[in-house]
Amino acid sequence: MANIFQPPPGTRDFFPADMAVRRYIEDTWRKVSLRHGFVEVDGPTFEVLDLYKVKGGGGDEIVSQLFHFESRGEDKKEFALRPEFTPTLARMVAAKANSLPRPIKWFSIPRCYRAERPQKGRLREFIQWNVDMLGGDTFETRLQFDLETAALALDCLREFGFTADDIRLSWNNRTFVEHFFRLVGFPNERYPFAFALLDRLAKLSSEQRREQYGKNGLTEQQQVFFERMAEGGNPVEESFWDALKIPIGNEFRLEVVMGQRLMDEELTPMGFPGYLKYDPSIVRGLAYYTGFVWEIAGTRGQNRAIAGGGRYDKLIEMFGGPSLPATGFGMGDVVLRNLLEETSKLPANPGPTPDIFLINALRTTDLATQLLAQLRTAKLAAITSYKATKNIGKLLQDASAAGAKLALILAPVEYEKTGGPFVKLKNLATREESEIPLPEILTAILAALAQPPNV
Ligand code: HAM
């Protein structure tokens, strides 16, 4: 017997129903990006491997997840499938920074590849919406850009039907965390290690944590700091530091509290009160973040983050460009789809639905053929049934199942009536029916389609 091949683990086939969901997700991402004034870009699916190894770039974890390969022939070079879009964006911006209008407002919808162990919400091939905003000369403008991109992510999730009950944006600021690292005596060059450990902390058992402390020579105070973080402690609270006998510093505390208030106050006029939560455990796994960092996750269940992002002010320079502050996020289609399904927010017919379903109950097919051609010439999506049945009730069920807005019914009774020919037009949402003289059918269809749905 022939081998039945399976798709590689962690990849997906998109059969028509899955493709419709994918298009629905991508079209919504695109629509919302354009609504906020972002323009679309893309880059190659693979890059030279070294792009991901730039010091201060993504960091060791992302490098360990690369699918890489060598080119054949003389110029043997190492390449990697893109695990994310940000290094490509940084490379593109660095190459043309001076000729690009500022602020740069780009979005992209790339397929990305990570050699992870496939599990719920985590695949080896996924689609990731990226939105990035670069520029901003003052602190206020940069803060506005941080919030505009976060608000855009929330606006999009609202477009999918989520409310503040379903999703939460948890944020932190890496500069706050650096202050904590300073307090427990980490030198600057150990920050990348400390951030990486903090990011993985929730996934480690207490033995694994202890092993990390030992292996990396953490001081007693540093260990207590990480243990308190693992327990869900908040280092902005004075009491967090009691056991450490370190005063957090009132000035700094005030700065953090003011920062929190500012975030809440700024996002409220943008239309998102109640979506935000300061969370000291969010630091993000990618090494290039420099300030504001955030993630959006469902408020129920064990879903991983739908989206994550933040500020990365040094990356463009690291890729040979000018010093250009930047902020942005990525949202994955896998977790988003899971959450849409779990909260029953996926529309029954998410794909592009036909405008009209033609039901031919006449004995001949000439009129049906002509009408379909006429409708398609008028740029309408018109489909019909290939079944032999003339049972209008059954065919109407097929029309509804296909998600068509209207059914055009060619039935002998109407067609042959005196004063005819007439055809029937049925609005499948309202179930309203009317008999239309054949020469007026296109006008009637266009008028019915122009009406808002369910009216
Ligand atoms: P990230 O947190 O690695 O950030 O990914 C962002 C989102 O992509 C995640 O929240 C998740 O929904 C999705 N994602 C990531 N890995 C997988 C996977 N293996 N399977 C399914 N979904 C996945 C970044 O990639 C940053 N480059 C985002 C960014 C853009 N920051 C600034 N600009």
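The values are calculated or read from the model by the stated rules, or taken from the named source; none is laboratory data. From a predicted model like this one, the values you see are computed outputs, not experimental measurements. Because the Cβ atoms are built from the backbone with ideal geometry, glycine has one as well, and the counts that use them run over all protein chains shown. Please note that ligands, DNA and RNA were not included when accessible areas were found on the heavy atoms of the full protein model with its side chains. Shrake-Rupley method; radii C 1.70, N 1.55, O 1.52, S 1.80 Å.
The table below lists the values:
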item: Net charge, I248 excluded, C-beta distance under 15 Å - Lys, Arg +1, Asp, Glu -1; result: -2
item: Antiparallel DSSP beta bridges within the chain, as percent of all bridges there, nearest 5; result: 80 percent
item: Dipole of the chain, positive direction: furthest Cα of G274, P83, A97, with charges on the beta-carbon; result: P83
item: Sparse-neighbour loop sites [trypsin sites (Lys or Arg not before Pro); segment 222-273; at most 13 other C-beta within 10 Å; DSSP]; result: K245
item: Per residue Cα convex hull volume in Å³ - calculated over segment 258-318; result: 115 Å³
item: Part-to-part distance (alpha-carbon centres) for segment 97-155 and segment 32-50, which is given in Å; result: 9 Å
item: Pairs of alpha carbons in the chain whose separation is greater than 40 Å (percent); result: 36 percent
item: Heavy atoms of F38: accessible area, 1.4 Å probe, square angstrom to 10; result: 10 Å²
item: With eigenvalues of the C-alpha gyration tensor scaled by 5 and rooted, segment 91-183, Å; result: 25, 21, 19
item: As computed over segment 99-255, the Cα convex hull volume per residue (Å³); result: 199 Å³
item: Lys, Arg +1 and Asp, Glu -1 on Cβ, resulting dipole of segment 293-342 about Cα centre, debye, nearest 20; result: 80 debye
item: Radius of gyration and Dmax over the Cα atoms of segment 396-439, both given in Å; result: 11.1, 33
item: With DNA, RNA and ligands ignored, accessible area of I359 (1.4 Å probe; Å², nearest 10); result: 0 Å²
item: Size of charge dipole - segment 259-410 - debye, nearest 20, with Cβ of Lys, Arg +1 and Asp, Glu -1, no other charges; result: 700 debye
item: Value of Rg to Rh for segment 1-130 (Rh from inverse mean 1/r over Cα pairs, i.e. Kirkwood); result: 1.02
item: Partners for K120 among lysines (Cα-Cα distance below 17 Å; same-chain residues under 8 apart left out); result: K203
item: Scaled radius of gyration (Cα, divided by 2.2 N^0.38 Å) that segment 221-374 gives; result: 1.74
item: Sequence of F160, F46 from largest to smallest accessible area, 1.4 Å probe; result: F46, F160
item: Anisotropy class of segment 280-347 from Cα gyration tensor, a/c 1.5 cut; result: prolate
item: Pairs from K379/K405; K31/K345; K105/K277 whose Cα-Cα separation, in the structure shown, is over 20 Å; result: K105/K277
item: Cα-Cα P(r), segment 289-435, percent of pairs per 5 Å interval; result: 2, 8, 13, 13, 11, 7, 6, 7, 7, 7, 7, 5, 4, 3, 1, 0
item: Of all accessible heavy-atom area on the chain, the percent that carbon and sulfur account for (1.4 Å); result: 52 percent
item: More than 15 angstrom apart: percent of Cα pairs within segment 354-420; result: 51 percent
item: Ranked by how many other beta carbons lie within 10 Å on average, peptides 83-94, 54-65 from highest; result: 83-94, 54-65
item: Rounded to whole Å, sorted largest first: equivalent-ellipsoid semi-axes of segment 319-395, Cα gyration tensor; result: 47, 21, 8
item: Residues with amide H under 5 Å from that of F292, placed H, sequence gap 5 or more; result: R174, R311
item: Which of I4, I282 is most accessible, then next, and so on - probe 1.4 Å; result: I4, I282
item: Unit charges on C-beta of K, R, D, E only; dipole of the chain, Debye; result: 1040 debye
item: For segment 199-233 versus segment 361-384, the gap between their alpha-carbon centres in whole angstrom; result: 69 Å
item: Sparse-neighbour loop sites [trypsin sites (Lys or Arg not before Pro); segment 350-414; at most 11 other C-beta within 10 Å; DSSP]; result: R363, K379, K387
